[in-house]
Amino acid sequence: MQLQQVPIGNRLLASLSADDLARLQPHLEPVSLALRQVLIEPNMPIEHAYFPEQGMSSVTNNSSGGKIEVGVIGQEGMIGLPIVLGIDQTPYEHFMQIPGHGWRIAAHDLEQAMAQSRSLHRHLLRYVQASHVQASETAFANANSDIEARLARWLLMCHDRVDGDDIPLTHEFIAMMLGVRRPGVTVALHVLEGMRVIRAKRGLITVLDREKLEELADEAYGLSETEYSRLMKTEA
């Protein structure tokens, strides 16, 4: 079978075997993903899975104290992981933090494709594991890293999922995602600016020195990214 009947910019789709990609392609629908668009509602049936090519989705725990981010998904992955596990809903909200575009597939069509292909299901389960490691590393960073390291890690994760060095984010949104007060984020951003690692303007952060940003993040960044690369090797 032909590997790509349509151009694929999503890394998870591109890592599938030729047969498994061809199995999904008739069911993939191109979609625009708008800023703040909710793709999965908490505790509601999941109707579609999404494979972003541009943009980034936040996975958040919504409590009485507000939203706290527990995961991010961009062009490396898939929004709708419970489907892979045979589950039809999740307690977490998934919404677009950075707008973009990608592909979507109906949950039923994805379930049928996995039932027909053990290799497809196995490969998507490997991505589930990569996402689990990311969530575990977020918990590790929140417990063991100072706010500058946590901010550096989060900016690196965003940088991994955008084209270029500009990241469209506000101070308020960063504070909400990190679960800290806005003044703390503002101070941390000023520290990073003073080190000439980033430039922050209203609603926009530009990465100036990624290598230094990785040094600041220290052990908070890198393990989940390495695990993703190991697990997502292209199927033969």
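Quick note: the coordinates plus some simple rules give every number you see, no bench work behind them. Remember, it's a predicted structure, so these values are computed and weren't measured experimentally. So basically every Cβ, Gly included, is an ideal-geometry build from the backbone, and we count neighbours across all protein chains shown.
Some observations on this one:
- In this structure, the amide hydrogen of Ile205, modeled 1.01 Å from its nitrogen in the peptide plane, lies closer than 5 angstrom to those of Ile167, Leu169, counting only residues at least 5 positions away or on a different chain.
- Here each label is just a point 7 Å from Cα along the line to Cβ, and for Asn144 and Ala115 those points are 4.3 nm apart.
- Contact order normalised by residue count of the chain, Cα under 8 Å, 6+ apart, percent: 22
- By the rule of a C-alpha distance below 28 Å, with chain neighbours fewer than 8 residues away ignored, the lysines paired with Lys67 are Lys201.
- Note on the chain: with charges restricted to the Cβ of Lys and Arg (+1) and Asp and Glu (-1), its dipole about the Cα centre is near 240 debye.
- When you filter the trypsin sites (Lys or Arg not before Pro) in region 142-236 for DSSP loop state and at most 11 other Cβ atoms inside 10 Å of their Cβ, you are left with Arg181, Arg196, Arg202, Lys233.
- Net charge of Cβ neighbours under 10 Å - reference Leu12; Lys, Arg +1; Asp, Glu -1: +1
- Local net charge near Arg161, Cβ-Cβ under 12 Å (Lys/Arg +1, Asp/Glu -1): -4
- Helix content alone sets the calculated 222 nm mean residue ellipticity of the chain: runs of n ≥ 4 DSSP H residues at -39500 (n - 2.57) each, divided across all residues, give -13000 deg cm²/dmol.
- Segment Lys233-Ser63, length gained on full extension (0.36 nm per residue, minus Cα span): 57.5 nm
- The distance between label points at Glu193 and Leu35 comes to 2.0 nm (points 7 Å beyond Cα on the Cα→Cβ vector).
- GNM result for the chain, Cα springs below 10 Å: residue of Glu53, Glu211, Glu111 fluctuating most strongly: Glu211
- When only alpha carbons are used to place a centre, region 104-166 and region 181-236 end up 16 Å from one another.
- Applied to region 96-110, the Karplus parametrisation 6.51 cos²θ - 1.76 cosθ + 1.60 on θ = phi - 60° returns per-residue 3J(HN,Hα) values of 7, 8, 10, x, x, 7, x, 10, 10, 9, 5, 4, 4, 5, 5 Hz, with x for Gly and Pro.
- Residue-span extension gain [Asp163 to Lys212] - 0.36 nm each, minus C-alpha spacing: 15.7 nm
- Gain in span if fully extended, Ala22 to Leu204, counting 0.36 nm per residue against the direct Cα distance: 61.7 nm
- The local environment of Gly179, defined by Cβ-Cβ distances under 12 Å, has a net charge of +3 under the rule Lys, Arg +1 and Asp, Glu -1.
- Label assignment, percent of Cα pairs over 25 Å apart derived from the structure, set [x] 46; [y] 34; [z] 41: [z]
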